[in-house]
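S.K.: This is the structure, below, for whatever I ask next.
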Amino acid sequence: MSAAFDLDFVCDSFRVCGFLTQKQLQKVGGQECPPHTIWSVPIPEAYRDLQVLTIGVISDTHGLLRPEALAALRGSHYIIHAGDIGDPAILQKLAEIAPVTAIRGNVDRDAWARKIPATDVLEVGGISIYILHNLNELDLKPEAAGFAVVVAGHTHKAKQETKNGVLYFNPGSAGPRRFRLPVTVGRISLKEGKAYAKIVEILPGAE
């Protein structure tokens with residue numbers, strides 16, 4: 001990481017809108033958002049002619065950012081971290097790839113995590129994505145609220161399903177292996193106003 005790298009909270013009030021480097025802020029034309037707003041990411045000029053926007057999704061790193069996970073996320077236009085981060089340096093590393101929207105999980109209790117929200121909303125490419133750590137704590141009806149996608153982590157089990165027109169996506173865990181499960185990240189592709197998800201296995205499950 002270069003000495004010039006600087007990680008900023010774009011909005012430090014009701015919601016933390018996302019993590020971007022100063023260079024990325026200039027690239028997307030981002031400005032500090034006023035209190036009590038939802039982060040809506042402008043599509044960078046360089047991306048506007050793309051037919052597909054890619055959002056890398058990672059969760060439950062618990063302080064471990066594997067090189068395989070970084071490799072799988074390269075090429076993403078945006079990144080979501082769905083909580084249980086474990087170390088703020090992970091967000092800095094991810095922000096070197098693409099702008100990051102992160103929420104805190106139940107293990108994120110240190111001082112650095114206090115500015116990270118428990119839930120967040122990412123709006124990009126005409127798609128609204130609701131992000132929380134534990135899906136069991138969802139306290140709204142996404143379809144009624146206008147969300148096309150709900151991203152959650154916590155279980156360490158990768159899963160995707162569509163209910164009432166809403167895509168529910170859990171990328172699994174990219175951190176320390178648990179329950180002999182495979183180590184995974186996820187990818188959400190946005191095309192023509194629709195979202196498509198894929199689980200990316202970076203290490204197979206234990207025998």
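Just so you know, all these numbers are worked out from the coordinates, no wet-lab data involved. From a predicted model like this one, the values you see are computed outputs, not experimental measurements. Methodologically, a virtual Cβ is constructed for each residue, glycine included, from the backbone with ideal geometry; neighbour enumeration extends over all protein chains shown.
S.K.: Give me the distance in nm between label points sitting 7 Å out from Cα along the Cα-to-Cβ direction at Lys191 and Arg74, one decimal.
M.R.: Label-label distance for Lys191 and Arg74, simple model: 2.4 nm.
S.K.: Exposure proxy check: Tyr168, Tyr78 ranked by fewest other beta carbons within 10 Å?
M.R.: With the fewest neighbours first, Tyr168, Tyr78 line up as Tyr168, Tyr78.
S.K.: By counting other Cβ atoms within 10 Å of each Cβ, how are Arg187, Arg178 ranked from fewest to most?
M.R.: Exposure proxy ranking, most exposed first: Arg178, Arg187.
S.K.: While we're looking at this one, here's another question. At 7 Å along Cα-to-Cβ for each site, give me the label-to-label distance between Lys141 and Asn106 in nm.
M.R.: Using points 7 Å along Cα→Cβ, the separation is 2.8 nm.
S.K.: Measure up Lys93/Lys157; Lys93/Lys159; Lys93/Lys163; Lys115/Lys194 against 28 Å on the Cα-Cα distance and list the ones that go over.
M.R.: The answer is Lys93/Lys163; Lys115/Lys194.
S.K.: Could you state the per residue volume, in Å³, of the convex hull enclosing the Cα atoms of the stretch 87-207?
M.R.: 121
S.K.: Can you sort Phe179, Phe169 so the residue with the fewest Cβ neighbours within 10 Å comes first?
M.R.: Least to most surrounded, the residues fall as Phe179, Phe169.
S.K.: With a cut-off of 13 Å, note down the residues of the stretch 64-98 whose backbone N falls inside the zone around a label point 7 Å from the Cα of Leu203 toward its beta carbon.
M.R.: Answer for the stretch 64-98: 64-70.
S.K.: Still on this model: Using the Karplus curve 6.51 cos²θ - 1.76 cosθ + 1.60 with θ = phi - 60°, work out ³J(HN,Hα) for each residue of the stretch 143-156 in order, rounded to whole Hz, and write x for Gly and Pro.
M.R.: With coefficients 6.51, -1.76 and 1.60, one gets 5, 6, 7, x, 8, 8, 9, 10, 10, 9, x, 6, 7, 6 Hz.
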